[in-house]
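Nothing in this text is a laboratory measurement; each read-out follows from the coordinates by a stated rule. Here the structure is a predicted model, which means the values were calculated and not measured. Quick reminder, even Gly has a Cβ in these numbers, built from the backbone with ideal geometry, and neighbours come from all protein chains shown.
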Amino acid sequence: MKDNKIDEQEAPTVFWRINDWFPDLSPETKVVLKTYHEELIKFNRTLSLISPKSVFVADALHFADSILASKIIAQANPAIGKIYDFGSGNGFPGLIYAILNPKTQVVLVETDQKKCEFLGHMISTLALKNATVENKSVEAFPEGSIQFGMARGFSNISKILLIARKTMAKGGSFYHLKSEEWGMEVSEIPSQLCSIWSPSLVGEYKLPVGPVKFAVVRTEKIA
């Protein structure tokens with residue numbers, strides 16, 4: 001009995017603090033987010049959707065992060081009718097964006113078939129009518145076919161701009177979810193890409209816990 005009590009005391013807590021952090025969200029939205037969280041934790045055991053260390057604080061590192069970034073993107077450009085989430089994998093930020101913006105079509109782009117199956121499962125489970133999955137690479141989309149894109153953890157800014165240079169339409173915008181070192185990534189964009197893309201900071205934010213700042217960086221395709 002003593003050993004069991006020790007095990008129970010040492011078992012780490014899987015936190016869920018979204019309801020307290022975001023009181024402005026509707027009760028229905030909070031239920032959908034909690035369902036997503038539960039399914040993510042369950043499927044993570046076999047698909048490695050998030051790192052083991054982040055499982056217990058996924059509410060902060062993944063959910064709160066994507067909620068805050070999604071709000072910045074939507075506020076910066078309310079006219080977005082359709083947006084592509086490159087390297088969607090675990091659904092961040094694409095699924096969160098779809099949940100928060102039901103009038104916007106969100107396309108989750110992922111090359112891993114099993115992760116695509118997870119994303120499809122989540123769309124069905126959460127009854128999201130505005131989200132779809134594409135099991136293909138960014139380069140596989142027709143030239144100039146994408147007006148708005150976003151990515152979180154997909155790659156550094158320079159590589160994304162290189163990959164998406166043909167797929168993105170002229171005048172289109174790509175939103176990058178980055179750490180507080182976003183300025184370094186922007187400074188490392190090769191000069192030949194700077195003639196095609198114009199970077200700017202859309203907004204910065206902090207998670208409800210911790211001192212680290214995060215940012216949403218926009219790159220507009222100008223040529």
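Key figures for this structure:
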| read-out | value |
| --- | --- |
| Net charge of neighbours whose Cβ lies under 15 Å from the Cβ of THR104, counting Lys and Arg as +1 and Asp and Glu as -1 | +3 |
| With Cα atoms, 0 to 90° folded angle of helix 65-76 axis to the chain main axis | 40 degrees |
| Partners for LYS178 among aspartates and glutamates (Cα-Cα distance below 13 Å; same-chain residues under 8 apart left out) | ASP65, GLU204 |
| Region 66-221: relative contact order as a whole-number percent, Cα under 8 Å and 6+ apart | 21 percent |
| Members of LYS114/LYS166; LYS82/LYS166; LYS42/LYS114; LYS82/LYS221; LYS53/LYS136 lying beyond 20 Å, as alpha-carbon distances in this model show | LYS114/LYS166; LYS53/LYS136 |
| Likely footprinting exposure, ILE123, ILE99, ILE222, ILE50, fewest C-beta neighbours within 10 Å first | ILE222, ILE50, ILE123, ILE99 |
| Inter-centroid distance (Cα atoms) of region 82-102 relative to region 54-73, Å | 12 Å |
| Centre separation in Å (Cα based) which lies between region 188-211 and region 153-184 | 8 Å |
| Computed E for ASN130/VAL209 - FRET, C-beta separation, R0 30 angstrom, nearest 0.05 | 0.50 |
| With Cα atoms, 0 to 90° folded angle of helix 27-47 axis to the chain main axis | 90 degrees |
| Cα-based helix-to-principal-axis angle, 113-125 vs the chain, degrees rounded to 10 | 70 degrees |
